[in-house]
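Novice: Supplied in structure tokens, the structure appears directly below.
The values are calculated or read from the model by the stated rules, or taken from the named source; none is laboratory data. Just so it is clear, the structure is predicted and the values come from calculations on it, not from any experiment. When we count neighbours, we look across all protein chains shown, and the Cβ atoms used for this are built from the backbone with ideal geometry, even at glycine.
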Amino acid sequence: METLSAVLMDTIEAILTRRSIRKYNNKEVSKELINIILKCGMYAPSSYNQQLWEFIIIDKREILDKIPEIHPNSNMIREVNIAILVCGNLNEKINQSYWTQDCSAATQNLLISAASLGLGSIWLGIYPREDRIIGLKKLLNLPEHIIPFSLVPIGYSEEINEDPERFNPDKIHYNKW
Ligand SMILES: Cc1cc2nc3c(=O)[nH]c(=O)nc-3n(C[C@H](O)[C@H](O)[C@H](O)COP(=O)(O)O)c2cc1C
């Protein structure tokens, strides 16, 4: 197996070269790498450090293959062996105002850490689309207070990454508009 140091890239490079991957080759991703990615998700900033996220690991073929019936743009899920559903946990927390931001930050950490490990991934939007939320809650038997937010398939990419130029000075504003 590749050693971690052989596959790791630095943070800036991972952020700049990460792309949404929609073609995978079905090679299995080790539990070791998935655990690193999950740990990175849990180190995201969160409002009041409440960490209102939960991570549902989907690694059963029959469940993965049902997801395109719920999410119309998720066909790539048939080519991976694992996907992480990031959910908000709205149970007994003091302040839930920022749960979507907590889950967004965690999702982004999953994507960047996967890229850093040489893995492909993609953010598939779930929340706030009612049909996807209801469909996934039913499929995974989620309790009322667990709200599916984003779905992140992870695998080995079969795409050649585009390298778009996105630095746009027009988006930067100094001191006033
Ligand atoms: C909130 C959110 C929802 C998204 N949902 C989908 C989706 O359902 N299907 C999909 O193919 N890509 C989805 N994407 C990925 C975007 O299409 C992608 O990030 C964007 O085109 C920029 O490309 P890049 O990620 O390669 O830089 C989503 C991204 C975000 C942030």
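Residues checked against (1) touching a residue at least 40 places away in the same chain (Cβ under 8 Å); (2) closer than 28 Å to E13 by Cα; (3) acidic (D, E):
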| position | (1), (2), (3) |
| --- | --- |
| I84 | yes, yes, no |
| Q101 | yes, yes, no |
| N109 | yes, yes, no |
| W123 | yes, yes, no |
| S150 | yes, yes, no |
| E159 | yes, yes, yes |
| K171 | no, yes, no |
| K176 | no, no, no |
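Novice: Mind counting the residues in the stretch 119-147 that are over 25 Å from K23 (Cα atoms) and polar (S, T, N, Q)?
Specialist: Number of matching residues: 1.
Novice: How many of the residues in the stretch 155-177 are surrounded by 10 or more Cβ atoms within 10 Å (Cβ to Cβ) and more than 16 Å from the ligand (Cβ to nearest atom)?
Specialist: Of the residues in that region, 1 qualify.
Novice: Hey, another quick one. Considering only residues of the stretch 66-80 that are in a helix (DSSP H, G or I) and not basic (K, R), which is nearest to S20 (Cα to Cα)? Break it down stepwise before answering.
Specialist: Just the residues of the stretch 66-80 that are in a helix (DSSP H, G or I), to begin with: 67-70, 75-79.
After this cut, where a residue has to be not basic (K, R) as well, the list is 67-70, 75-77, 79.
Numbers: I67: 18, P68: 17, E69: 21, I70: 20, N75: 14, M76: 11, I77: 13, E79: 14 Å.
Top of the filtered list is M76.
Novice: Exactly one of these conditions fails for Y48: (1) touching a Phe, Trp or Tyr at 6+ places or on another chain (Cβ under 9 Å); (2) at pLDDT 95 or above; (3) not β-branched (V, I, T). Give me its number.
Specialist: (2) is the only condition that Y48 fails.
Okay, residues lined up against (1) touching an Asp or Glu at 6+ places or on another chain (Cβ under 7 Å); (2) of a type in the set (S, T, Y); (3) over 30 Å from I160 (Cβ atoms):
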{"residue": "N49", "(1), (2), (3)": "no, no, yes"}
{"residue": "P68", "(1), (2), (3)": "no, no, no"}
{"residue": "A83", "(1), (2), (3)": "no, no, no"}
{"residue": "Y98", "(1), (2), (3)": "no, yes, yes"}
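Novice: When the stretch 111-154 is examined, which residues are found to be in a loop (DSSP other than H, G, I, E, B), touching a helix residue (DSSP H, G or I) at 6+ places or on another chain (Cβ under 9 Å) and within 13 Å of the ligand (Cβ to nearest atom)? Steps first, please.
Specialist: Quick first cut of the stretch 111-154, residues in a loop (DSSP other than H, G, I, E, B) only: 117-119, 122-123, 126-129, 141-145.
Checking which are touching a helix residue (DSSP H, G or I) at 6+ places or on another chain (Cβ under 9 Å) leaves us with 117-119, 122-123, 126-128, 142-144.
Selection gives I122, W123, I126, Y127, P128.
Novice: Right, next: Which ones in the stretch 20-59 are in a loop (DSSP other than H, G, I, E, B), within 16 Å of the ligand (Cβ to nearest atom) and surrounded by 18 or more Cβ atoms within 10 Å (Cβ to Cβ)?
Specialist: Answer for the stretch 20-59, where residues must be in a loop (DSSP other than H, G, I, E, B), within 16 Å of the ligand (Cβ to nearest atom) and surrounded by 18 or more Cβ atoms within 10 Å (Cβ to Cβ): I21, A44.
Novice: Another question about this same structure. From the list S104, S97, which residue is surrounded by fewer than 22 Cβ atoms within 10 Å (Cβ to Cβ), at pLDDT 95 or above and not in a strand (DSSP E or B)?
Specialist: Exactly one residue qualifies, and that residue is S104.
Novice: Among the residues of the stretch 60-75, what is the count of those that are over 20 Å from K27 (Cβ atoms) and within 16 Å of the ligand (Cβ to nearest atom)?
Specialist: 6
Novice: Also: Against the definition (assigned to a helix (DSSP H, G or I), within 18 Å of L136 (Cβ to Cβ) and either more than 12 Å from the chain's Cα centre (by Cα) or at pLDDT 95 or above (or both)), how does I63 come out, yes or no?
Specialist: Criteria met by I63.
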